[in-house]
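Novice: Got a structure for you, written out below as structure tokens; questions coming shortly.
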2 protein chains.
Amino acid sequence: MFFKRNKPKILFIILDGLGDRPIEELDNQTPLEAAQTPNLDLMISKGMGGLIEPVYKGDFPTSKDAHLSLFGYDLDKWKMGRGVFEVIGIGMKMRAGDVALRGDLASVDDKMIIKDRRSGRIRKTQPLLKAIQGIEIEGVKFLIGAGVGHRMGIVMRGQHLSENISDNDKHNINVVPDRVKPLDDASESAFTARILNKFLEQAHNILKDHPLNRKRIKKGKMPANYTLVRTAGMIKPIPSFWEKWQLRACCIAGAGLYKGIGKALGMDLIKVKGATGNFDTDIKAKIKAARKSLKKYNFCFLHIKATDDFSHDGNYEGKRSFIEKFDKELKPIINLKKTITVVTGDHCTPCVLKQHSTDSIPVLLYGNGQDKVDRFSERDCQTGRIGKIKSINFMTGVVEIARQIAGYS
Amino acid sequence: MFFKRNKPKILFIILDGLGDRPIEELDNQTPLEAAQTPNLDLMISKGMGGLIEPVYKGDFPTSKDAHLSLFGYDLDKWKMGRGVFEVIGIGMKMRAGDVALRGDLASVDDKMIIKDRRSGRIRKTQPLLKAIQGIEIEGVKFLIGAGVGHRMGIVMRGQHLSENISDNDKHNINVVPDRVKPLDDASESAFTARILNKFLEQAHNILKDHPLNRKRIKKGKMPANYTLVRTAGMIKPIPSFWEKWQLRACCIAGAGLYKGIGKALGMDLIKVKGATGNFDTDIKAKIKAARKSLKKYNFCFLHIKATDDFSHDGNYEGKRSFIEKFDKELKPIINLKKTITVVTGDHCTPCVLKQHSTDSIPVLLYGNGQDKVDRFSERDCQTGRIGKIKSINFMTGVVEIARQIAGYS
């Protein structure tokens, strides 16, 4: 080659739903402020702090949109239903023309009223999914993939399908689920909705009499006899991370959606034993794998989910202690040479709200450049040198700064 | 901003169809070898040479594909019918769902046999185009834009349109033009073809009795009474040049297609008086504008069309002397500081073939790096430091090299 290889090294750590609001019980501190974080504080005191303004299309940021925007993808241009990332993330393959949906095994009673949206948090679903695998209706084949617990991926494969269909999940119990409806007047949307409704009926008839469900009922457990579907999406061309940034990228994540985002952007998935996407995830192993990955890759996206889960439960104590647990494992990162490390969230999930918010997200960048911030917190980051930056513009700056220390000139 | 602005400066000059093959009458030299090119030779002797392997999807490279690939766009991923670039290039606006076509005003006789594909190279078409402007058929509106001479852009606007339709142009005279046909079994394609055929009939009925055509016939000129259409395309998301390379880009071109390519990639079009896209184009003015543009932009795409036109006519003498004319205007480029200048072709158009070929394309890169090549020619470029590089990979190297001299580190 007549040109040098791109050499920047970037470790990009996203603690899902990291940012928060002051909590009375924590002396009006946020979980991040209340946490003892000597390593994060060391990194920001030798590096720079700032606030990222999250992107959002509806009332608040979603994880999918937030991640794509942080990676520099304009959401107005690169639209893809969340279903695509969900099914890719659990290892299913998609072809052009397929429609992907997130599915959940749920429990309905005889009157088709939803009694539990997660079938009593069922764990063993393989026999049930196998029973509804490969159903074909009017030339459309239904492919099913197992997610964690009650979760599944559904791929509709056939001609003339459309992603413009509604969910049947009302996100509520003691209601009859919606019928799937077309969201525009194209014949494809009406066709897709009609076929999907047929499938849901057929699947219900198979599942309700399945031996595993009879056994569950006998044991007093909720049967997994209905399928809730949502966030239909078709796969579309999107610039890969390499194509966009000329950086070889990998992804370390436990939860399906984040693996799916990495994969859709052409990142290599690195499997880490013990990376569960839960509070019990093996942080040490993930950090070790991330450090090692940078020998081969220019960019490592490391995703940690638990901070968001604690926030949705309003569990600020759990969030604080998880952040401390995370901080303890950062030593190997601090020693990385000629590497930019970013620690931030995709959006804030304040424990008082128990849901995502549009608050600005604290960020630290370590490895090149310095300011006077010496504590990683929502408040301290306000005065950092990064300033207040829109999420869509952030990656340009990170890549720029990484190139500066990568031996250019 | 917490990061420095991107500072690389790149002038990217494409001489369309530049590369050629040895010609007996030129002592077995190519037009580029036979030409006296002191400035190009100076640039390559202080810079580097190489060969670019062109990309092609059919039998030979097309200008559209060749340009997109040189700009780093993977053609397998970013597919868009040429019609889109043609209509955007002449200043028409497109919306999602529109179908764009290149159109040509042609002459048919009473039996609908094509007698001239360019209506005797008609120049004044405005009254004719106005007469068929805005026709609406079954909810589909036809918008017409004037191109150079007999050329026009057609935008079909309505619901449920498809780009998967054939041309009616047989690229031949003394034949009845084809009917437009759907290219797949989707109902949209059949609908679009049917509506377009209706339009062509309706337009013919309007044009054949138009006063301007009566006048032309009286004067012994070919009437412009039929419309040949080709290369239907729908607009789709494609990463802008900024999004892909983080470089502010502009485009200086005379011919519509190349303006369209620049515009579709989000480049600002710079109008230059005398830039005709023909052999009489004002090279000096274009070079001057390009030099000036780099004060504001990081990347300037400068397109010169005439080399390709001469090649299609087999006019190697014209091509040689045009290259010499171009070379004479390069002084202002040689003096540019901290700038990478690239001179190459999009593909080769050997005069002996009178059409595009798959031959490798000579390239020179001036401004950073040096090798022993001291003459810009197909033969000399074989031994250059750039080596033989696939067109899709070339821009990565150029941007890399430009960043090196832009003050990083």
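Novice: Sort B:359-365, A:234-240 by packing, meaning the average of other beta carbons within 10 Å per residue, with the highest value first.
Specialist: The packing order, highest mean first, is B:359-365, A:234-240.
Novice: Per residue, how much accessible area does region A:367-409 show when a 1.4 Å probe rolls over the protein heavy atoms, in square angstrom?
Specialist: Here the per-residue accessible area is 43 Å².
Novice: Starting from the Cα of residue A:338, draw a straight line to each of the aspartates and glutamates and keep only those under 17 Å, dropping any in the same chain fewer than 8 residues away.
Specialist: Residue A:338 reaches A:400.
Novice: Once you charge only the Cβ atoms, +1 for Lys and Arg and -1 for Asp and Glu, what is the size of the charge dipole of chain A about its Cα centre, to the nearest 20 debye?
Specialist: Charge dipole, chain A, about its Cα centre: 1980 debye, nearest 20.
Novice: Counting only other chains, what is the mean number of Cβ atoms within 10 angstrom of the Cβ of each residue in peptide A:385-396?
Specialist: That works out to 2 on average.
Novice: May I pose another question? Given the options A:121, A:151, A:248, which has the most mean-square fluctuation in a GNM of chain A, springs set between C-alpha atoms less than 10 angstrom apart?
Specialist: A:121
Novice: Right, next: About the Cα centre of region B:268-354, how large is the charge dipole given +1 on each Lys and Arg Cβ and -1 on each Asp and Glu Cβ? Please answer in debye to the nearest 20.
Specialist: Computed charge dipole of region B:268-354: roughly 720 debye.
Novice: Any idea of the total accessible area buried by the B-A contact, 1.4 Å probe, rounded to 100 Å²?
Specialist: 3300
Novice: Lysines within cross-link reach of residue B:170: Cα-Cα under 18 Å, excluding same-chain residues under 8 positions apart?
Specialist: Those lysines meeting the cut-off are B:111, B:115, B:181.
Novice: Scaled to the compact-protein estimate 2.2 N^0.38 Å, what is the alpha-carbon radius of gyration of region B:1-79, rounded to two decimal places?
Specialist: 1.50
Novice: Using the 2.2 N^0.38 Å rule of thumb for compact globular proteins, work out how region A:244-374 stacks up: its C-alpha Rg over that value, please.
Specialist: That ratio works out to 1.07.
Novice: Between B:325, B:295, B:141, which gets the highest mean-square fluctuation from a Gaussian network model of chain B, Cα cutoff 10 Å?
Specialist: B:295
Novice: What accessible area per residue comes out for region B:165-217, rounded to a whole number of Å², with a 1.4 Å probe?
Specialist: Value for region B:165-217: 53 Å² per residue.
Novice: Right, something else. Expected output is a single nm value to one decimal: the length gained when fully extending between residue A:25 and residue A:176, i.e. 0.36 nm times separation in residues minus the C-alpha distance. What is it?
Specialist: 50.4 nm
Novice: Calculate the FRET efficiency for residue A:204 and residue A:183 from the Cβ-Cβ distance with a Förster distance of 25 Å, rounded to the nearest 0.05.
Specialist: According to the calculation, E is roughly 0.60.
Novice: Calculate the mean, over all residues of peptide B:234-242, of how many other protein chain Cβ atoms lie within 10 angstrom of the residue's Cβ.
Specialist: Per residue, the average neighbour count from other chains is 3.
Novice: Between Rg and the Kirkwood Rh of region B:41-182, both from Cα atoms, what is the Rg to Rh ratio?
Specialist: 1.06
Novice: Shortest first, in nm, what separates the label point of residue B:187 from those of the same position in the other copies (7 Å along Cα→Cβ)?
Specialist: 0.2
Novice: With respect to the cross-link table entries A:77/B:244; B:284/B:319; A:77/B:77; A:244/B:296; B:263/B:286; B:271/B:305, which display a Cα-Cα separation exceeding 21 Å?
Specialist: As for pairs spanning more than 21 Å Cα to Cα, those are A:244/B:296.
Novice: Next up: Taking only Cα atoms, what is the 0 to 90° angle, nearest 10, from helix A:316-328's long axis to the longest principal axis of chain A?
Specialist: Rounded to the nearest ten degrees, it is 50.
Novice: Measuring nothing but label to label, 7 Å from Cα along Cα→Cβ, what are residue B:219's distances to the other copies in nm, shortest first?
Specialist: Label-point separations across copies, in nm and ascending: 9.1.
Novice: Per residue and in cubic angstrom, what volume does the convex hull of the Cα atoms of the protein assembly as shown have?
Specialist: 172
Novice: Something else now. What distance in nm separates the two pseudo spin-label positions at residue B:138 and residue A:296, each 7 Å out from Cα along the beta-carbon direction?
Specialist: Once both label points are built, they end up 5.5 nm from each other.
Novice: Please report, as a whole percent, how much of the solvent-accessible surface of the protein assembly as shown comes from carbon and sulfur atoms (probe radius 1.4 Å).
Specialist: 48
Novice: Using a Förster distance of 30 Å, how high is the FRET efficiency between residue A:221 and residue A:282, based on the Cβ-Cβ distance and rounded to 0.05?
Specialist: So the FRET efficiency works out to roughly 0.50.
Novice: Moving to a separate point now. So which residue, out of B:306, B:186, B:285, gets the largest mean-square fluctuation from a GNM of chain B using Cα contacts under 10 Å as springs?
Specialist: B:186
Novice: Also: How far is residue A:280 from the same spot in each other copy, in nm, shortest first, if each label point sits 7 Å from Cα toward Cβ?
Specialist: Ordered by increasing distance: 8.2 nm.
The values are calculated or read from the model by the stated rules, or taken from the named source; none is laboratory data. Since we're looking at a predicted model, the values are computed, not measured. FYI the Cβ positions are ideal-geometry reconstructions off the backbone, even for glycines, and counts take in every protein chain you see. Calculation scope for accessible area: heavy atoms of the full protein, side chains included, ligands and nucleic acids excluded. Shrake-Rupley method; radii C 1.70, N 1.55, O 1.52, S 1.80 Å.
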